1. Before I look further, what does the chain give for accessible area per residue, probe 1.4 Å, in whole square angstrom?
2. What's the carbon and sulfur percent of the range 117-186's accessible surface, probe 1.4 angstrom, rounded to a whole number?
3. Rg to Rh for the range 122-182: what is it, with Cα atoms only and Rh by Kirkwood?
4. Report the extension gain between K31 and R125 in nm, rounded to one decimal, defined as 0.36 nm multiplied by the number of residues separating them, less their alpha carbon distance.
5. Using helices alone, I'd like the mean residue ellipticity at 222 nm for the chain: each DSSP H run of four-plus residues gives -39500 (n - 2.57), total over residue count, nearest 500.
6. Please sort by residue number the chymotrypsin sites (Phe, Trp or Tyr not before Pro) in the range 104-158 whose DSSP state is loop and whose Cβ has at most 14 other Cβ atoms within 10 Å.
7. May I ask for the percentage of alpha-carbon pairs in the range 1-147 that lie more than 29 Å from each other?
Amino acid sequence: MKMIYMIGLPGSGKTTVMRKFMSEYEWKNDKPADLLDTQISSKNKLRVLGKYEDDQVFGGTDRLSMAVAPKAIEWLQNNLTSDEKIVGEGDRLNNQKFFETCGDRLTILHLTVSDDERKRRYKERGSDQSEKFIQTVKTKCKNIIEKFGDQQTLFGVEKGVVVEMVHETEEDTQKIVDFMKKTLDI
């Protein structure tokens, strides 16, 4: 199993990147565990966590039940040796236990965007998330980056699994999708 999971503030473009990535394959709905909706593509043994419906602004794991994390972790524990390639994004599974379960099979993509661009995206899509919620996500991402990013040790820097990528433009979207495909060997 290989896992790529995107984190970032609301408006950083996680769903946009995922929709671009998904546009290159055919998908069918699958529910491998209680509360865990996914899409699978038999080509390249790909699985995307979450729900993506054309009429919804927000997609991914944020469209899943608040109670999905333990179910997803249990499912992961039983599939660590599979040759499946899994991609996810969103706040719902952005937590330490989920990422620890993935072990060295994980790449966390931290998408960043300027405040001006993020605010423009909020206005464009009609986001109404409170500043308190945004600060909570910011803190959550910061904690994940500190835990899973590069670590200074007595012997130098130990490489982590977090890769930071700027997502301001359509060209950035394509660069991120290309990185994902390369990381997953597809």
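The values are calculated or read from the model by the stated rules, or taken from the named source; none is laboratory data. Because the structure is predicted, anything quoted here is derived from the model rather than measured. Every residue, glycine among them, receives a Cβ derived from its backbone with ideal geometry; neighbour counts consider all protein chains shown. SASA here: full protein model, heavy atoms, side chains in, ligands and nucleic acids out. Shrake-Rupley method; radii C 1.70, N 1.55, O 1.52, S 1.80 Å.
1. Using a 1.4 Å probe on heavy atoms only, each residue of the chain averages 54 Å².
2. 53
3. Expressed as Rg/Rh, it is 1.09.
4. Value of the extension gain: 31.0 nm.
5. Only helices count here, giving -11500 deg cm²/dmol.
6. F155
7. So the portion of pairs separated by more than 29 Å is 13 percent.
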